[in-house]
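Any read-out appearing in this document is the output of simple, stated calculations on the displayed coordinates, not a laboratory observation. For clarity, every value in this text was computed on a predicted model and none was experimentally measured. In this analysis, Cβ positions are derived from the backbone assuming ideal geometry, glycine residues included, and neighbour counts consider all displayed protein chains.
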Amino acid sequence: MSIHQAPSGPRACEKRGAGPIQVTDRGTKLKAAPFDYHAPQTVEAAVALLQQFESEGVDAKVLAGGQSLMPMLNMRVARPQVLIDLGKITALDYIRAEGDTIAIGSMATKSAAEDSALIKERQPLFQAATKLVGHRQIRNRGTVGGSFAHADPSAEYPAVALVQDIQMKAQGPNGERLIPPTEFFVTYMTTCLDAAEVLTEVRIPALPAGTGWSIQEFTKRDGDLAIAGVVVTLRKVKGVCEDVRIAAFGVNATAVRLPAAEAALQGQAPTKENFARAAALASGAVEEPIGDVHATPDYRRQLVKVFTGRCLAEAAARAS
Amino acid sequence: MATELPRLPEQLPTSSVRYVGKEVKRVEDPALVSGTAEFIDNLTLPNMLHCAILRSPHPHARILKVDASAAEALEGVVAVITPEDVKRWANAHVTSPPGWGTHCIAIDKVLYVGEPVAAVAATSRALAEDACELIDIEYEILPSVGTANAALAPDAPVLWEEHGTNLIQQRTYNWGEVDRVFAEADHIVTGSFRWNRCGANPTETFGCVCQWDLTDNSLLCHGGYQVPGFWGLARSFSLNLPANKVKVVSHPQGGAFGGKGGARGTDIAALLSRKAGGLPVKYIEDRMEYLLAGSSQSWDRHYEASLALKADGTITGLKVKLLDDQGATTETYGTISVAKPLAAFTGNYRIEAAQYDTTLVVTNRAPAAPYRGYGPPPHFYVLENLVDMAARKLAMDPAELRRINYIRPDQFPYTIPSGNEYDSGNYEAILDKVLKLADYQALRKEQAAARAEGRLVGISVVNTVEPGVFDWNAYATVGVQGVGVPEGARVSVDILGNVTIVVGFNLQGQGQFTVAAQVVADYFGLDMNAVKVTMAPTDSAPPHFGQGGSRLGVAITGAVLGACQKLEADFKRVVAHLMGGLPVEAIELMDGKFRIKANPAIGMTFAEVAGTMLGRSDLLPPGMEPNPTATSVWTAPGRNMPDDQGRCKSYLTAASATHVVMVEVDRETGRTQILKYFIVDDCGTRLNPATVEGQLQGALAQGVGAALLEEYVYDDQANPLVTTFADYLIPSIHEVPIATKDFIVTPSPVTPLGAKGCGEGAMHTTPAAVSCAINDALAPLGVQITETPATPLRVWKLLKQAGAAG
Amino acid sequence: MTTKQRTTVTVNGRVYQREVEPRLTLADFLRHELHLGGTHLGCEHGVCGICTVLINGRSARSCLTLAVQADGAQVTTIEGLRNRETGELHPIQQAFVDEHGLQCGFCTPAFIMTTLELLRDNPNPSDEEMKEALGGNLCRCTGYENILKSVRLAAQRLRASSAA
């Protein structure tokens, strides 16, 4: 990752990647700092542990697949005193249909989601987003819930959550709650989950029949974290675009919906010119895009424009 | 050497060559695919400790105080070394030019982010890292020098007080009548180019296990050492040990692509061992340490260059001005990459005059290190782009402009203006073959059609000379002394006729053990299974250097052949004697049999002779030792000392290749996609074609990385911004095109079996080929990329500039 | 001082029970606790794939897995491929030798483990499917061409032997 003279500490990850390196200490660490470890067998037990550590002022972190957390631990940019491993909670590992909703347990692996016939049929957008995450080895260990809880700015799932209204189910000392995506993702690597809450499930509405969708991202190498990406869904009704939803990821602290661009295309014919107009609006609407060694803010704007246009075209082609 | 070595495989004493020149399976491979090869981190010695190094977070600072007491008190920590220990026990590293090397741990000041300032030996690496966090260092931060240009500013902070300047060396070479040819030129093409830091990044970082013997005052170093003897000698200087009391045991390495050897890491581990009462200490450089401060960064260059041409396209002169940022010290021999271009300065062309104006400076970036190619890759990036610019100016096809300027086959051996002699070549034959392979005319038609659609498609035809088999004299101009790089092999035969070859280096991936076995097997008509190759540590190895400068395939072949010839002579003596006192000349060796020339049915097999020598001393000629062993040390013939313009016969061989590349640039994102890639190369006799092709494709991958993806970025205070593999982008299988390849062979007239050095290969050519293709794509827009890597962002900025971004 | 944890891991069919620091990665556990040095370390931050093993039959980066997370799991490493009695190389290993699919060999165990998973799940992969599966493993020596050839040959041979 790149260092931007950013202060370390809670204002984490100005950079995508494994997190900030403390300015006072450079590059000597690839073995984690010591931590204690618990592997509860139930969600209740996990919540109880988190609650206990919170009240004791002990810094505890939840471990799911580890594909994002482990690099941070190895580099010592994350230094929890305790890890609570959810890996033994088999009750959180499922993918099932509940009516028109696909319920995915937070500990289901990404490769299970990638291979799921149910998701392929009912939520091809979510499956496509899954395939974009890293490589198969990452997806074999990485969990669906983990990407939601980790809230990396360049992650695909949060953007899909915004356009598909994916609901997050959390369990804490005060019981269960369902959290909408607009509330869930707060800022860099930060969700609205309380210290003693565990994300237990994500609930994804099935893609309505005839909906066109597209997710595309820009990386320098296949499988890298996205420099910028766009997700689109839309429907074609009587020859015009309806229910246009556009979100960008990798450009701001969290994924962002782009309502101005959506509105511009609403009720308009799915033509190249209209797509270009919407894409330009999408690009202009992004506030203060991230700048780093790989892309300037201007260039991220350009990528939003380009991929909005491409995603709109692809989604329109898919819509029926 | 008593007799001349065979110049071609056909000259080996065999009626049909079974192994040399064939795609023989490598003897190294079964252990490697089984995971049993002992890379250094697989070595454990009893009571071994683990080292972690505390490194400077500042690019330039004075060290005011070091307090390691809390670290020393941590349970499991056995020893800590600080600047005080190093001042007491060690010397600064020897460098070229001399005087720009520091100690393994910073003494008074730190000069780059990542420079070691203390180190811990503990019972585990994790614990050692815990201990490092307890070491308290007080720094006085000093203003830093972030770029080469900043280094030369009149008010620049001076990094090396003893030198009083940031200028390491400035030197201008003038070869031929440069001023005249430029004055008389019909056209002059000029360009400025920026090559940003990139580097080796083998998948295995450096590692070592060092053990100091306090009673004997000697040192044992196991590790990933590319040039074991040389490295051991350097350790004796830096650690104040007698040279023959440093024993280096090189382990097979997971790649190197430069100069693997970890001088600082070794010294630190050795001193920790000394302080820990002689317990062995293992140091494994982790990837972040490598990226930050290992031998990882190369070629930080600013170029201004021009070509002088006649109206008919004849290139008469080349001027290159180079400002090279060596980083904070010259300890990792980055300076050599400035000298090496002399070996092939004017490339494939008959350019009569050239000028090379070089300025080497220190900055607070990491010390520059060797990387595959060691200087010519950026040089050819510049030269080939200039040639293409000339082609555009003269409205000539870039292939044809090159063709008319090539050195002709009848002109070899050819001495270039900068002094080196090319041994053989046929550049026009390579060109014809690759243009045919690529169906060049069809590619240009494809390009025309794409352009009509508004697509940015480009094609390049780029050639380089890839110098092989280096000698020290190539680097004299940056202070390297001496002539004659040795490579020795000891070939011994046991009583059953099995052969063991002992060499002084270990494996890195280029397959030299297999080559050595191929040669001996063919020489004595043996099955390759009967030949074993092994490495001896420096206290018992023959004189050697090891891998480097595309030399080892040729050098080890020469050494092995020399030893075979000596054995052949001894065996003939035995047989002649046993055949009733015949003269030695009456015996010939063919297909593993020592037979009477006049009566070939009568003779003895190789195994029989060896068995006799070792089992029947009564039958041997008087005075002959029962010792079927021979050692031969090869060095490149005909080398000389450089004159005052650096001219000398340096690199023995001149391989060459021409690449044809087709790319498409995405107007909207600036991304470059390589559509097609063709290579025809000539590296003389191909000792193992499978190995040669593997080297080609591997160097191509690194070239693509350098051209498009890899860059160590710093801010202008010399703080590194690229410190992990998330940002230093090594190409994956998706980013590397598989080249369609073919070859020609112009054997070297001066090497054993006619092989030329080829290990560095395509790295010389690919960055130039890819960038020239991009520039061909951008040509209609009137812009060109002159900076590496040609990232999507850089190209997009150019497109925007041209008003052509999508 | 943190509390050690017991972890019971089956590696190449053999059960190992150890008390380890929680922070110990599976990679370091395999290499230094169990002395199975064929799984190598290239970056320790999950990018290069050099540390690839199979966990419960699925390829994974062992540098991003804790040894304690592997409690109860079946792990396969490169050492588990050769025939233990005869020493005969596994067909995938042999294919890499036959097609010159390696140079320095440091990344090779990782590629072989990934190939093991690929060919088990997809015995007749297209070139695209091969590249997709191998995209998470970096090689610095070969430029990938001979790795692809090795995987193709291995696939061919495994199909032939399972048909036989």
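For chain B, what does -39500 (n - 2.57) per DSSP helix run (n ≥ 4), summed and divided by total residues, give at 222 nm, in deg cm²/dmol to the nearest 500?
Dividing the helical sum by the residues of chain B leaves -8000 deg cm²/dmol.
Could you identify which residue out of A:Ala206, A:Ala117, A:Ala226 has the top mean-square fluctuation in a GNM of chain A using Cα springs shorter than 10 Å?
Answer for the Gaussian network model of chain A: A:Ala117.
What are the lysines whose alpha-carbon lies under 17 Å from the alpha-carbon of B:Lys593, with same-chain residues fewer than 8 places away excluded?
Partners found: B:Lys566, B:Lys572.
Can you tell me what share of the DSSP beta bridges in segment C:5-80 is antiparallel? A percent to the nearest 5 is fine.
90 percent
Under a 10 Å cutoff between Cα atoms, tell me which one of A:Lys220, A:Lys110, A:Lys88 has the largest fluctuation in the Gaussian network model of chain A.
A:Lys220
Taking only DSSP H segments of four or more residues, each worth -39500 (n - 2.57), what value at 222 nm results for chain C once the sum is divided by all its residues, to the nearest 500 deg cm²/dmol?
Roughly -9500 deg cm²/dmol at 222 nm, from the helical runs in chain C.
Please give every one of the aspartates and glutamates within straight-line cross-link reach of B:Lys321, meaning a C-alpha to C-alpha distance under 16 Å, and leave out same-chain neighbours fewer than 8 residues apart.
Straight-line reach from B:Lys321, under 16 Å: B:Asp179, B:Asp300, B:Glu304, B:Asp357, B:Glu384, B:Glu787.
Past 21 Å, Cα to Cα: identify those pairs from B:Lys340/B:Lys756; A:Lys31/A:Lys131; B:Lys532/B:Lys756, in the order given.
Distance filter (> 21 Å) returns A:Lys31/A:Lys131; B:Lys532/B:Lys756.
Of all beta bridges DSSP finds with both residues in the protein assembly as shown, what is the antiparallel percent, to the nearest 5?
Of the beta bridges lying entirely in the protein assembly as shown, close to 80 percent run antiparallel.
Around B:Leu753, with a cut-off of 11 angstrom between Cβ atoms, what is the net charge of the other residues, counting Lys and Arg +1 and Asp and Glu -1?
Counting the neighbours of B:Leu753, the net charge comes to +1.
What is the sum of charges, Lys and Arg at +1 and Asp and Glu at -1, for the other residues whose Cβ falls under 10 Å from the Cβ of B:Gly468?
-1
Please report, in Å, the Rg and the Dmax of segment A:110-209, where both are computed over Cα atoms only.
Rg then Dmax for segment A:110-209, in Å: 13.2, 39.
If the cut-off is a Cα-Cα distance under 20 Å, which lysines reach B:Lys436, setting aside same-chain residues fewer than 8 apart in sequence?
In chain and number order, the partners are B:Lys445, B:Lys676, B:Lys741.
Express in whole angstrom the spacing between the alpha-carbon centres of segment A:33-54 and segment C:32-104.
Here the answer is 31 Å between Cα centres.
Measure out, as a whole number of angstrom, how far apart the alpha-carbon centroids of segment A:63-119 and segment B:715-758 sit.
What the calculation gives is 39 Å, centre to centre.
Mind putting a number on the dipole of segment B:157-306 about its Cα centre? Charges go on the C-beta only, +1 for Lys and Arg and -1 for Asp and Glu, and I need it in Debye to the nearest 20.
That gives segment B:157-306 a dipole magnitude of about 640 debye.
Would you tell me the mean number of C-beta atoms belonging to other protein chains that fall within 10 Å of each C-beta in A:69-75, as a whole number?
Averaged over the peptide's residues, the number is 6.
Only Lys, Arg, Asp and Glu count, each charged at its Cβ (+1, +1, -1, -1), so figure out the dipole size of the protein assembly as shown about its Cα centre, rounded to 20 debye.
The calculation lands at about 1600 debye.
Give me B:Glu115, A:Glu288, B:Glu446, A:Glu44 ranked fewest to most by other Cβ atoms within 10 Å of their Cβ, as a rough exposure proxy.
Ranked by crowding around the Cβ, least crowded first: A:Glu288, A:Glu44, B:Glu446, B:Glu115.
Relative contact order (percent) for segment C:5-80, with alpha-carbon contacts under 8 angstrom and 6 or more residues of separation?
The normalised contact order for segment C:5-80 reaches 40 percent.
Each residue of segment B:88-100 in turn: what ³J(HN,Hα) in whole Hz from Karplus with 6.51, -1.76, 1.60 and θ = phi - 60°, glycine and Pro shown as x?
3J(HN,Hα) across segment B:88-100, in whole Hz: 6, 10, 9, 10, 5, 6, 6, 9, 10, x, x, x, 10.
Given the options B:His379, B:Trp100, B:Asn627, identify the residue whose Cα lies farthest towards the positive end of the charge dipole of chain B (+1 on Cβ of Lys, Arg; -1 on Cβ of Asp, Glu).
Of B:His379, B:Trp100, B:Asn627, it is B:Asn627.
Provide the net charge surrounding A:Leu234, with neighbours chosen by a C-beta distance below 12 Å and charges set as Lys +1, Arg +1, Asp -1, Glu -1.
Once all neighbours under 12 Å are counted, the net charge is 0.
Under a Cβ-only charge scheme (Lys and Arg +1, Asp and Glu -1), can you give me the dipole magnitude of chain B about the Cα centre, in debye to the nearest 20?
1260 debye
For a footprinting-style exposure proxy, rank B:Ile141, B:Ile774 by other Cβ within 10 Å, fewest first.
Ranked by crowding around the Cβ, least crowded first: B:Ile141, B:Ile774.
Trypsin sites (Lys or Arg not before Pro), restricted to segment C:24-108: which are DSSP loop and have at most 16 other Cβ atoms within 10 Å?
Qualifying residues, ordered by number: C:Arg84.
With unit charges on the beta carbon (Lys/Arg positive, Asp/Glu negative), name the residue among C:Thr39, C:Tyr16, C:Ala60 whose Cα is farthest towards the positive pole of the charge dipole of segment C:5-80.
Result: C:Ala60.
In whole Å, what are the Cα extents of the protein assembly as shown along the three principal axes, biggest one first?
Each principal axis gives a Cα extent; for the protein assembly as shown these are 103, 75, 74 Å.
Within chain C, what percent of beta bridges assigned by DSSP are antiparallel, to the nearest 5?
Antiparallel bridges: around 90 percent, rounded to the nearest 5.
Build a GNM of chain A with springs between Cα atoms under 10 Å: which of A:Pro205, A:Pro34, A:Pro270 gets the top mean-square fluctuation?
Sorting by GNM fluctuation, first place goes to A:Pro34.
If the rule is a partner Cβ under 4.7 Å, which cysteines in chain B fail it?
Cysteines of chain B left without a disulfide-compatible partner: B:Cys51, B:Cys104, B:Cys132, B:Cys198, B:Cys208, B:Cys210, B:Cys221, B:Cys564, B:Cys648, B:Cys772.
Could you please rank C:Tyr144, B:Tyr381, placing first whichever residue has the fewest other Cβ atoms within 10 Å of its Cβ?
C:Tyr144, B:Tyr381
Under 5 Å between amide hydrogens, which residues at least 5 positions from B:Arg55 or on another chain qualify, with H placed 1.01 Å from N in the peptide plane?
A:Arg26, B:Val117
Quote the FRET efficiency, to the nearest 0.05, computed for B:Glu400 versus B:Arg455 with a Förster distance R0 of 35 Å and r equal to the Cβ-Cβ distance.
For R0 = 35 Å, the calculated efficiency reads 0.90.
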